[in-house]
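Trainee: Got a structure for you, written out below as structure tokens; questions coming shortly.
The values are calculated or read from the model by the stated rules, or taken from the named source; none is laboratory data. Source: prediction; values computed, not measured. Note: ideal-geometry Cβ built from the backbone for every residue, glycine included; neighbour counts use all protein chains shown. Calculation scope for accessible area: heavy atoms of the full protein, side chains included, ligands and nucleic acids excluded. Shrake-Rupley method; radii C 1.70, N 1.55, O 1.52, S 1.80 Å.
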Amino acid sequence: MSDLGKYNAKAVEEKWYSYWMKNNYFHSTPDEREPYTIVIPPPNVTGILHMGHMLNNTIQDVLIRRARLQGKNACWVPGTDHASIATEAKVVARLKEQGIDKNDLTRDEFLKHAWDWTNEYGGVILEQLKKLGCSCDWDRTKFTLDDDMSEAVIKSFVDLYNKGMIYRGYRMVNWDPEAKTTLSDEEVVHVEQQGKLYHINYKIEGSDEVLTVATTRPETILGDAAICINPNDERYTHLRGKKAIVPICNRVIPIIEDDYVDLEFGTGCLKVTPAHDVNDKALGDRHNLEVLDIFNEDATLNSFGLHYQGKDRFVVREEIVKELKELGALPKVENHLNKVGTSERTKAVIEPRLSDQWFLKMDELVKPALKSVLVDGDIKLYPKKIENTYRHWLENIRDWNVSRQLWWGQQIPAYFYGDGKEDFVVAENIIDALALAQEKTGNNMLLSSDLRQDNDALDTWFSSWLWPISVFDGIRNPDNEEINYYYPTNDLVTGPDIIFFWVARMIFAGYEFKNEKPFENVYFTGIVRDKQGRKMSKSLGNSPDALGLIEEYSADAVRAGMMLLSSGAGNDLLFDDSKLQQGKSFSNKIFNAYRLVSGWEVNESITQPEASKIALEWYDNKFQAAFAEMEDHFSKYRLSDALMTVYKLIWDDFCSWLLEMIKPGYQQPIDKVTFDAVIKMFENNLKVLHPFMPFLTEELWHQIADRSEEESLIVSVYPEPKAVDQTILNDFEIAAEVISGIRTIRKEKNISFKDAIAFSVLNNEKSATRFDAVIKKLGNISELNYVTGKVDGALSFRVKSNEYFIPMAGAIDVAAEVKKLTEELNYTEGFLKSVQKKLSNERFVNNAPKAVITSERKKESDALAKIETINVSLASLS
């Protein structure tokens, strides 16, 4: 044991992380042990550590370190995601700063810039995770655009296409005009906004009559193809077969009838714009209406926008409203609350748009995913309540739009050999594509230069949905040693915001490509919010610098603090740095406890005191009880409760009780039997705390003894569970109350702890006497006697039905104590009279609220009990 100075967390963290890395403790290869596998939710490659990452990765590391201590072959696979929309947007912005337009570049030229960006800024977050203490197998680090990962994505696309599950369709999609790409339904956030409902007059052709239509989007009238009325609406039966004239553009459009129109909404008339609304498109298909797309890809108006061409849609909205007013075609505008679809990534308002896209059929994919979670329970979600959300989404799922109008990502492996919409083949590479195209066309003269690969990239989630499989090369080599050993993985820890984007889709992929679940348990963290309950964001300035917190409090303190903040799976947590300070104080408490113990002089010739013997026996059982409680919490994924159990065990039971019970007298040595036992117990404490606070525990583990690489705490053996003697724990609870009673009397009566006192016990409970030596030591009792009756002239207190006495002779000034008690008795009797006067007042009792009456009756009973106690004390002093 070396001499300990002040705890230097930064130096300790650097020392032990380097040591763990040097000795390859995090690395895993298949062997005869039981595997325990976690795959990291891959953060954006150019992302930086935020509070959500801190919580999520602390939980993962707790699970992985615990599994390692349990003797399992723990494998935590790290990696990053190429984040196509976010990364491409950043690269485009950077190019713009350099005066370069993406549209002036070839795909390869743009990708070079994107890779330069990724290499410059990528992977920073993984280095930051090391500062947190994450014990990932860094040798396995993957990136969703690695060559082998991309091969797996392309292979899976081709496989699904050949099964008839992927198809190309001309559909209404969610268009992000800022990112200039389509989005899946899951990437659209519907935000409630205060808007306007515009009532617009359309003239009826050949008459002076007008038809008023209500719309939230007046700018789209230039794309109107019809006015629709409900055939059951008697107000408009006279308009059947007639035509209307669109204001401004003066285009003549038919008036059609369809049950779809809501008679109660607006005016009961609907403008039909098939190019810009999914429901209007369905109406248009039923009635063979013309499709007029009035928007460019950036949501400016095209030539169909007439004199508004080139202007942004929202600018046009204001200007077209002004023009309609001038034309007398806008009789009314009213406030209207509606939900507006916005891009989850760019926050831009989504524009429904018709385009050729690639879709993955979902109807068959969802079936095993529903069954495994909701019927068989093969995959367990924590918290369980999230199953309802999962069920609702899967039962209402639509086909997945997997194509994106981006270059950063896996290019869709479809090769066109002609101008027709069906003139394409799907293949893993150009060689296979050429052979297929020659076969399909019957033209053996076709060359690879005649083929044109689809320009779009695949949705990023189409690569990350394979993550638990592809990181073990299970798509390209489906029967390799690693996929057979590590898959299915054990636990997935992730945020509730990506249950659809990622979690459900991984389940789809698991059953589709491996015919097996991808993981057994999914732990959904809550969202980390500020004290006001707001989501943390750069714009609000309420997101602390994660690395700054580690610098200020230490990695162990941050880990413990984040876990203490958490109130269980799925529950949001309000960030409060006082919990990080609590974690830091806990570190100091443990460090100082070891300084105390390591500073004791050990004497091998001293006999073990009885107090130490029973104290150690008690703590051994207390540890086992806490260990069992902690393991039960782990089994239910109540990880913060597991930490709190360890926290209380070490702070309260070990530091506040055990060390006090065994501590040698001032400048006195400790016996070797007790010392060796307490060191063993300290080691067990470090083992159960290690998953939560790895740096401090490893440091103290090596301070206790010189250890070889094989003996390091990170690869030590978890404590063995043993039967608990509940009786000794119960007996100690009584002894603790007795000690507390002695200390209270000493404090109240100003009896110095240095002064030994006599102590008598009236043992009505027939309580065990095994803790008498501990009571004598911690109470500084000169002699402890068992008596059969009350002791006269003594101060007393009760624990259960036992009565305990401390003789007053020489201990206190009897006259002063009698005076003090008499004054207290007089005051209490006066107080009782005032309460009883109230309660005897019939008017008060009949009119006062029930709670007030209850409170007054309690005051009465408390005062009576106190008077009785004071009288007993006075009697003992006489």
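Trainee: Among the listed residues Val340, Val373, Val333, identify the single one that is assigned to a helix (DSSP H, G or I) and hydrophobic (A, V, I, L, M, F, W, C).
Mentor: On the way: Val340 fails: assigned to a helix (DSSP H, G or I); Val333 fails: assigned to a helix (DSSP H, G or I).
Residue meeting the stated conditions: Val373.
Trainee: Let me ask you something else. Determine whether the range 530-553 contains at least one residue that is closer than 17 Å to Leu639 by Cβ, among the charged types (D, E, K, R), touching a residue at least 40 places away in the same chain (Cβ under 8 Å) and out of contact with any Lys or Arg (no Cβ under 7 Å at 6 or more places or on another chain).
Mentor: Here is the first cut: in the range 530-553, the ones closer than 17 Å to Leu639 by Cβ are none.
No.
Table: residues versus (1) open to solvent by less than 10 Å² (accessible area, probe 1.4 Å); (2) closer than 24 Å to Phe143 by Cβ; (3) of a type in the set (Gly, Ala, Ser); (4) out of contact with any strand residue (DSSP E or B) (no Cβ under 6 Å at 6 or more places or on another chain).
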{"site": "Gly409", "(1), (2), (3), (4)": "no, yes, yes, no"}
{"site": "Glu439", "(1), (2), (3), (4)": "no, no, no, yes"}
{"site": "Met445", "(1), (2), (3), (4)": "no, no, no, yes"}
{"site": "Asp459", "(1), (2), (3), (4)": "yes, yes, no, no"}
{"site": "Ser464", "(1), (2), (3), (4)": "yes, yes, yes, no"}
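Trainee: Can Asn288 be described as within 21 Å of Ile350 (Cβ to Cβ), of a type outside the set (A, V, I, L, M, F, W, C) and without any contact (Cβ under 8 Å) to a residue 12 or more places away in the chain? Reasoning before the result, please.
Mentor: Numbers: within 21 Å of Ile350 (Cβ to Cβ): no; of a type outside the set (A, V, I, L, M, F, W, C): yes; without any contact (Cβ under 8 Å) to a residue 12 or more places away in the chain: yes.
So Asn288 does not fit the description; no.
Trainee: Among strands (runs of 3 or more DSSP E) lying entirely in the range 205-313, which contain 3 or more residues that are open to solvent by 40 Å² or more (accessible area, probe 1.4 Å) and of a type outside the set (S, T, N, Q)? First the steps, then the outcome.
Mentor: Details: elements: 210-215, 226-229, 243-245, 252-257, 269-272.
Result: 252-257.
Trainee: Just to confirm my filter: which strands (runs of 3 or more DSSP E) fall fully inside the range 379-458 and include at least 1 residues that are free of Cβ contacts under 8 Å to residues at least 60 places away in the same chain? I'd like the intermediate steps shown before the answer.
Mentor: Numbers: elements: 380-382, 414-416, 424-426.
Ranges flagged: 414-416, 424-426.
Trainee: Let me ask another. Quick one: in the range 98-134, which of the residues that are under 29 Å from the mean Cα position of the chain (by Cα) and at positive phi is modelled with the lowest pLDDT?
Mentor: Across the range 98-134, the extreme among qualifying residues is Gly123.
Trainee: Go through the range 95-145 and count every residue that is part of a loop (DSSP other than H, G, I, E, B), open to solvent by less than 30 Å² (accessible area, probe 1.4 Å) and of a type in the set (Gly, Ala, Ser).
Mentor: 4
Trainee: Okay, moving on. Of the residues Val373, Val349, which is open to solvent by less than 40 Å² (accessible area, probe 1.4 Å), under 30 Å from Ile245 (Cβ atoms), among the β-branched types (Val, Ile, Thr) and in contact with a strand residue (DSSP E or B) (Cβ under 7 Å, 6 or more places away or on another chain)?
Mentor: Val349
Trainee: Given the criteria over 27 Å from the mean Cα position of the chain (by Cα), crowded, with 20+ Cβ neighbours inside 10 Å and among the small types (Gly, Ala, Ser), does Ser403 qualify? Walk me through how you get there before you give the answer.
Mentor: On the way: over 27 Å from the mean Cα position of the chain (by Cα): yes; crowded, with 20+ Cβ neighbours inside 10 Å: yes; among the small types (Gly, Ala, Ser): yes.
So Ser403 passes the test.
Trainee: Something else now. Please work out which one of (1) hydroxyl-bearing (Ser, Thr, Tyr); (2) more than 30 Å from Lys680 (Cβ to Cβ); (3) at pLDDT 95 or above is the condition Ser18 fails and give its number.
Mentor: (2)
Trainee: Exactly one of (1) of a type in the set (Val, Ile, Thr); (2) touching a residue at least 24 places away in the same chain (Cβ under 8 Å); (3) open to solvent by less than 40 Å² (accessible area, probe 1.4 Å); (4) in contact with a helix residue (DSSP H, G or I) (Cβ under 9 Å, 6 or more places away or on another chain) is unmet by Val333. Its number?
Mentor: Tallying (1) of a type in the set (Val, Ile, Thr); (2) touching a residue at least 24 places away in the same chain (Cβ under 8 Å); (3) open to solvent by less than 40 Å² (accessible area, probe 1.4 Å); (4) in contact with a helix residue (DSSP H, G or I) (Cβ under 9 Å, 6 or more places away or on another chain), Val333 fails exactly one: (3).
Trainee: Which numbered condition in (1) surrounded by 14 or more Cβ atoms within 10 Å (Cβ to Cβ); (2) assigned to a helix (DSSP H, G or I); (3) more than 29 Å from the chain's Cα centre (by Cα) is the only one that Leu596 fails?
Mentor: (1)
Trainee: I need the full set of residues from the range 584-598 which are in contact with a Phe, Trp or Tyr (Cβ under 8 Å, 6 or more places away or on another chain), closer than 14 Å to Tyr7 by Cα and not hydroxyl-bearing (Ser, Thr, Tyr), in order please.
Mentor: Let us first name the residues in the range 584-598 that are in contact with a Phe, Trp or Tyr (Cβ under 8 Å, 6 or more places away or on another chain), namely 584, 586-589, 591, 593-594, 597.
Next cut, closer than 14 Å to Tyr7 by Cα only: 584, 586-589, 591, 593-594.
Those that are in contact with a Phe, Trp or Tyr (Cβ under 8 Å, 6 or more places away or on another chain), closer than 14 Å to Tyr7 by Cα and not hydroxyl-bearing (Ser, Thr, Tyr): Lys584, Phe586, Asn588, Lys589, Phe591, Ala593.
Trainee: Consider the range 686-726. How many of its residues are among the β-branched types (Val, Ile, Thr), open to solvent by less than 60 Å² (accessible area, probe 1.4 Å) and over 28 Å from Lys584 (Cβ atoms)?
Mentor: Narrowing the range 686-726 to residues among the β-branched types (Val, Ile, Thr): 688, 697, 704, 714-715, 717, 724.
From what is left, the residues that are open to solvent by less than 60 Å² (accessible area, probe 1.4 Å) are 688, 697, 704, 714-715, 724.
The next check asks that each one be over 28 Å from Lys584 (Cβ atoms); those that pass are 724.
Counting residues in the range 686-726 that are among the β-branched types (Val, Ile, Thr), open to solvent by less than 60 Å² (accessible area, probe 1.4 Å) and over 28 Å from Lys584 (Cβ atoms) gives 1.
Trainee: Let me ask another. Please verify whether Ile64 is closer than 28 Å to Gln410 by Cα and either touching a residue at least 12 places away in the same chain (Cβ under 8 Å) or more than 31 Å from the chain's Cα centre (by Cα) (or both), treating the condition exactly as stated. Don't jump to the end; show me each part of the working.
Mentor: Values: closer than 28 Å to Gln410 by Cα: no; either touching a residue at least 12 places away in the same chain (Cβ under 8 Å) or more than 31 Å from the chain's Cα centre (by Cα) (or both): yes.
Taking the combined requirement at face value, the residue does not satisfy it.
Trainee: Further question on the same structure: Just a yes or no: is a residue in the range 480-502 part of a loop (DSSP other than H, G, I, E, B) and in contact with a helix residue (DSSP H, G or I) (Cβ under 6 Å, 6 or more places away or on another chain)?
Mentor: No; the residues of the range 480-502 include none that is part of a loop (DSSP other than H, G, I, E, B) and in contact with a helix residue (DSSP H, G or I) (Cβ under 6 Å, 6 or more places away or on another chain).
Trainee: Sticking with this structure for a sec: Are there any pairs, at least 6 apart or on different chains, whose C-beta atoms fall under 6 Å, with the first in the range 154-171 and open to solvent by less than 30 Å² (accessible area, probe 1.4 Å) and the second part of a helix (DSSP H, G or I), and if so, which?
Mentor: Cβ pairs passing all conditions: Ile166/Leu160.
Trainee: Would the range 378-395 turn up any residue that is aliphatic (A, V, I, L, M), farther than 30 Å from Arg317 by Cβ and surrounded by fewer than 16 Cβ atoms within 10 Å (Cβ to Cβ)? I'd like the intermediate steps shown before the answer.
Mentor: Let us first name the residues in the range 378-395 that are aliphatic (A, V, I, L, M), namely 379, 381, 386, 394.
Checking which are farther than 30 Å from Arg317 by Cβ leaves us with 379, 381, 386, 394.
Now narrow it down to the ones that are surrounded by fewer than 16 Cβ atoms within 10 Å (Cβ to Cβ): none.
No.
Trainee: Hey, another quick one. Please return the ranges of strands (runs of 3 or more DSSP E) entirely within the range 736-815 where 1 or more residues are touching a helix residue (DSSP H, G or I) at 6+ places or on another chain (Cβ under 7 Å) and either over 27 Å from Asp652 (Cα atoms) or touching a residue at least 60 places away in the same chain (Cβ under 8 Å) (or both). Spell out the reasoning first.
Mentor: Details: elements: 757-762, 781-787, 794-799, 802-807.
Passing ranges, in order: 794-799, 802-807.
Trainee: Suppose we keep only residues that are in contact (Cβ under 8 Å) with a residue 40 or more places away in the chain and of a type in the set (S, T, N, Q) within the range 578-593. Which one would you say is surrounded by the fewest Cβ atoms within 10 Å (Cβ to Cβ)?
Mentor: The residue in question is Asn588.
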